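Notes for the one structure printed next.
Quick note: the coordinates plus some simple rules give every number you see, no bench work behind them. Predicted, not measured: the structure shown is a model, and the values here were computed from it. Methodologically, a virtual Cβ is constructed for each residue, glycine included, from the backbone with ideal geometry; neighbour enumeration extends over all protein chains shown.
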């Protein structure tokens, strides 16, 4: 893998003040930090991060950004805690003022919020320079139990960050690995990452970056492409066809005329008759002198397209959803009518196993749209202190596992 430059901290929308205060940390990590600070603890520890699967690693740049910005301690903890509580109240006031459209109040609240952020920054003693962080890169293939990152230094300076960096690595690696799996199954055909509606919107930006590292060729929203300089891409929703009273061809024409520079892909399963809607739309586009890039089949897993019943093709193969017979029917009717250049995109329930089946049977698909399957499973990471002052000190069953591939940050 060709290593990329690490993404700089400003790439990420990191809630610095909240992370420093332990707002997103498991309470026991925050209490560990407080105990060690008050001692004070003078030994140095090495924290080792790993997980237990073959995977495509992702999230290291983001985790490192958190370490860079949030490792350290408050020079006056009680003062910082009081300021942070007021800072949180100001955040609520900002939201309330915005919703109420009280812009004078909103401006005052913003100014106060910035003032508090500056004060909190001045109370924070950043200690990242005293840490030694070694890490693999985003996009690297990793093996079970392989050490992906180590953090060395006084543990009270980074103990509160364990929830944060492990969660980042788990989520990003899950998406990158799942996408890599379907990309491999698709054997070079484009994978479109359409997972926007299956999780909280705040996950989209990082998920889109992870999908790109996994090999996806397109994402659904602009924010999914933000970290790697891309924009959202897509076809058209069923809702647009409904607004045209079920007229798929007219809805597709409206799309093509409004967005002439976007490859036009018609969604042809609105009436559960992909064959009829595909050929009708393709013929209309030809008559209008327009280019129809492709058609997308998104038949529900609970329905059988009418072309299968019309052609009496209900045999041993499962007839529901987007299946090989249906795709072949659409390809055949397009080809017979001179639309060989119109491509076929499929979506709806596609995962690694279903794509592999389609490729094995050489189903004439040009691109796959995948969604919820790419957010399922787990890639849980674990962090353990394994060395204290350079000597082994780990819970039973864990040990220091040096990795020559790690590079100093």
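So how far, in whole Å, is the C-alpha centre of segment 357-379 from the one of segment 222-279?
What the calculation gives is 20 Å, centre to centre.
I'd like to compare 181-187, 302-308: which one has the highest average count of other Cβ atoms within 10 Å, and what's the full order after that?
Result, highest mean first: 181-187, 302-308.
Could you tell me which of rounded, prolate or oblate describes segment 55-176, using a ≥ b ≥ c as the square roots of the eigenvalues of the alpha-carbon gyration tensor, with rounded for a/c under 1.5 and, failing that, prolate when a/b is larger than b/c and oblate otherwise?
oblate
Can you give me the angle between helix 60-70 and the longest principal axis of the chain, using Cα atoms only, in degrees from 0 to 90, rounded to the nearest 10?
For 60-70 against the chain, the angle is about 40 degrees.
For each of 122, 89, count neighbouring Cβ atoms within 10 Å of the residue's Cβ, then give the residues from fewest to most.
By the 10 Å Cβ count, ascending: 122, 89.
For the chain, take the longest principal axis of its alpha carbons; what is the angle in degrees between that and the long axis of helix 27-38, to the nearest 10 within 0 to 90?
Between the helix axis and the principal axis of the chain, the angle is about 30 degrees.
For residue 250 and residue 122, compute 0.36 nm times the residue count separating them, minus their Cα-Cα distance, and round to one decimal in nm.
Fully extending the segment from residue 250 to residue 122 adds 40.0 nm.
Efficiency by 1/(1 + (r/R0)^6): what FRET value for residue 79 and residue 388, r their Cβ-Cβ distance, R0 = 25 Å, to the nearest 0.05?
FRET efficiency, residue 79 to residue 388: 0.20.
Using a/c under 1.5 as the rounded threshold, could you call segment 1-130 rounded, prolate or oblate? The axes a ≥ b ≥ c are square roots of the C-alpha gyration tensor eigenvalues, and prolate needs a/b larger than b/c, oblate otherwise.
oblate
In deg cm²/dmol and to the nearest 500, what is the mean residue ellipticity at 222 nm of the chain if only DSSP H runs of at least 4 residues count, each as -39500 (n - 2.57), divided by the residue total?
Result for the chain: -13000 deg cm²/dmol, rounded to the nearest 500.
Can you give me the C-alpha center-to-center distance between segment 87-102 and segment 122-147, rounded to a whole angstrom?
Using only Cα atoms to place each centre, the spacing works out to 35 Å.
Which of the following values of log10 I(q)/I(0) by the Debye sum over Cα atoms at q = 0.08, 0.10, 0.13 Å⁻¹ was calculated from the structure shown: (i) -0.58, -0.83, -1.18; (ii) -0.43, -0.65, -1.05; (iii) -0.58, -0.81, -1.07?
Step by step, log10 I(q)/I(0) by the Debye sum over Cα atoms at q = 0.08, 0.10, 0.13 Å⁻¹ for this structure corresponds to label (iii).
Can you tell me the orientation of helix 103-123 relative to the chain, as the angle in degrees between its alpha-carbon axis and the longest Cα principal axis, to the nearest 10?
Value to nearest ten degrees: 50.
Sorted from fewest to most neighbouring beta carbons within 10 Å, what does the list 391, 88 look like?
391, 88
Based on the mean of other beta carbon atoms within 10 Å per residue, what is the order of 324-336, 265-277, most packed first?
265-277, 324-336
List the residues of segment 69-110 whose backbone N lies under 17 Å from a point placed 7 Å from the Cα of residue 24 along the Cα-to-Cβ direction.
Under 17 Å, as judged by backbone N against the label point of residue 24, lie 69-72, 88 of segment 69-110.
For a quick protection proxy, order the peptides 217-228, 376-387 by their average other-Cβ count within 10 Å, most packed first.
So the peptides 217-228, 376-387, ranked by packing, come out 217-228, 376-387.
Counting alpha carbon pairs within less than 8 Å and at least 6 residues apart, what relative contact order, in whole percent, applies to the chain?
21 percent
Using the count of nearby Cβ atoms within 10 Å as a rough guide to exposure, how do 11, 252 rank from fewest to most?
Result, fewest neighbours first: 11, 252.
Of all beta bridges DSSP finds with both residues in the chain, what is the antiparallel percent, to the nearest 5?
Bridges in the chain are about 65 percent antiparallel.
Rounded, prolate or oblate: which one fits segment 185-375, using the alpha carbon gyration tensor with axes a ≥ b ≥ c (rounded when a/c is under 1.5, else prolate when a/b beats b/c, else oblate)?
Here segment 185-375 falls in the oblate category.
Stretched out fully, how many nm does the piece from residue 37 to residue 52 gain, at 0.36 nm a residue minus the Cα gap?
2.2 nm
Roughly how many nanometres apart are two label points built 7 Å out from the Cα toward the Cβ at residue 312 and residue 372?
3.6 nm
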